[in-house]
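Quick note: the coordinates plus some simple rules give every number you see, no bench work behind them. None of these values were measured; they are calculated from a predicted model. Backbone-built Cβ (ideal geometry, glycine too); neighbour counts: all protein chains shown.
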Amino acid sequence: MILRLNKIRSKKCQCVVTVMSIMKIFQFINVRNHYVIQSCLVISFITVTIWITTVLRKKKKNKLNAQQCVNKKKISIPLVIITGCDTGLGYSIVTRYLKGEHLNKNQNNSKIYNMLFSNNKALLVPNKIAIIAFCLNPNSPGAKCLVQLSLENNNIQLFVRQLNLTDNDSIKTGVTFVTDLLQQNVDTIGQHNETVVLKYELHALVNNAARMVMAEYEWQTSKMIKEQFEVNILGPIKLTAMLLPTFRKDKSRVINVISHCAYLPLPGVSIYGATKAAVRAWTLGTRVELDIHGIKMITFSPGSFYLHSSIMNGQQRMIDYKEMCNNMNKEQLAYYGAFMFAYQNYLGNIDVYISPPETTIPSTNKIYCQMDDALWAVQPKAEYNVREPWRYRIYFAVAWTLSSLGLHYFKDKVVRQFVATPQFHNDIASQVENVS
């Protein structure tokens, strides 16, 4: 208080000195009109007073701003983007985080497993996480379940948005939403009544959305083939490219979900396998390109969980089947018609075992442990492969060995035996009887 009074007195002294200086100037230039002298003195006094007041206000404002900046606490919230969250893997991952199950150590892995397949010692999972769940249909049962679950969790901020990877405008709209969100600063009140500034940082993009048509290559229409390439490889490439400037700034990671079909393609899903092989090749190449910029490119093979995914949805498969039949010419219908019918009947037997869309992958599945590692490890691995069932591992080892030895005839026999779908014979009637 005493210091403030001294400052005010010093300012007043400066005003008096300024006025006296002006009077001396008038005496020097021999101005004798007292009215002119008084007017000039009043104007000078007012001007000096305004100037001093302005300076004092600016200092006070700067002091307040500095104090506010000190009191504000900045917290960075990692933002994770996941595509294909209507069902399956994307839906299961988001559901697990919303339920807080990612904090539970419910996967008791052996020390040998952790040493070979995991890097959990270096996991840094923050308390607060923001997730953008991109869904093809934001009004789907899965999307609605996610929104409902998000209301019960204060530590996970969920944003459910529509994304169609076959539509460039939809991709641009999704990217715009992400960039706008990253530019926002959210002010909240902390535990000790201090102002807390929440700032989003793009931590990871999980390219998970996929489209699969389970049918032989010749049956599939150009539209089906195009959709699979757009959803599985071209769409993720475009989405990732548009976010690269932000990835460089935030040192983010991109997790591309592939399939065992990327390593050893299977008949009936040859187009799907081609797209996943392309995703793997793109990831391996760009990992070297982008590593120098602090961006980590990761492949993630989730293993077998088709019974908990809509990728083999019976309703969509029947739509595809009708479209394929309508697109065939007479010769193809006559040649393949009965075989296609037997093929679809065989796949239809699986429908009764497929879980409803809102059912998640069981929590005992190693897929979650591997995904946590890919998302939060300080130094994540370049490739993650969730262990397949023993039947597939034996098949893969035998097929890979035969292929390496050049014994492709025997390798193809093994592949056909493993897939176990109906085989085409000239005697179509006999084939239909066997399937029945």
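Structure note, pairs LYS128/LYS296; LYS366/LYS413; LYS99/LYS199: Cα-Cα distances above 28 angstrom occur for LYS366/LYS413.
3J(HN,Hα) couplings calculated from phi for the range 203-215 with the Karplus curve 6.51 cos²θ - 1.76 cosθ + 1.60 (θ = phi - 60°) are, in sequence order, 8, 7, 10, 10, 7, 10, 4, 8, 10, 9, 10, 8, 6 Hz; Gly and Pro show x.
In this structure, the amide hydrogen of ASN385, modeled 1.01 Å from its nitrogen in the peptide plane, lies closer than 5 angstrom to those of SER301, counting only residues at least 5 positions away or on a different chain.
Check each of the trypsin sites (Lys or Arg not before Pro) in the range 274-349 and keep only those in coil by DSSP with at most 15 other C-beta atoms within 10 angstrom; list them in order. Intermediate results must be reported in sequence, preceding the final value.
Numbers: sites: LYS276, ARG280, ARG287, LYS296, ARG317, LYS322, LYS330; in loops: none.
Sparse-neighbourhood loop trypsin sites (Lys or Arg not before Pro): none present.
Under 5 Å from the amide H of ARG211 lie the amide H atoms of ASN232, each residue being 5 or more positions distant or on a separate chain, with H modelled from the backbone and absent for Pro and chain starts. If you plug the beta carbon distance of MET318 and TYR217 into 1/(1 + (r/R0)^6) with R0 = 30 Å, you get a FRET efficiency near 0.95.
Could you tell me the calculated FRET efficiency between GLN183 and LYS238, based on Cβ-Cβ distance and R0 = 22 angstrom, to the nearest 0.05? Numbers along the way, then the final one.
Values: r = 22 Å, r/R0 = 0.98.
E(calc), rounded to 0.05, equals 0.55.
For the range 180-304, the share of DSSP beta bridges that are antiparallel, to the nearest 5, is 35%. Between THR176 and VAL398, the simple label model (points 7 Å from Cα in the Cβ direction) yields a spacing of 5.5 nm. You can think of it this way: the chain between SER355 and GLU201 has 51.9 nm of extra reach, that is 0.36 nm per residue less the Cα-Cα gap. Potential lengthening of the chain between ASP412 and LYS249 amounts to 53.9 nm, from the contour at 0.36 nm per residue minus the alpha-carbon distance. Kindly flag which residue pairs out of LYS172/LYS223; LYS223/LYS381; LYS172/LYS276; LYS249/LYS381 have an alpha-carbon separation exceeding 30 Å in this structure. Over 30 Å apart, Cα to Cα: LYS223/LYS381. Using a Cα-Cα cut-off of under 20 Å, which aspartates and glutamates could be cross-linked to LYS59, ignoring same-chain neighbours fewer than 8 residues away? LYS59 reaches no qualifying aspartates and glutamates. Stretching the chain fully between PHE424 and ASN154 yields a gain of 91.6 nm (0.36 nm per residue, less the alpha carbon separation).
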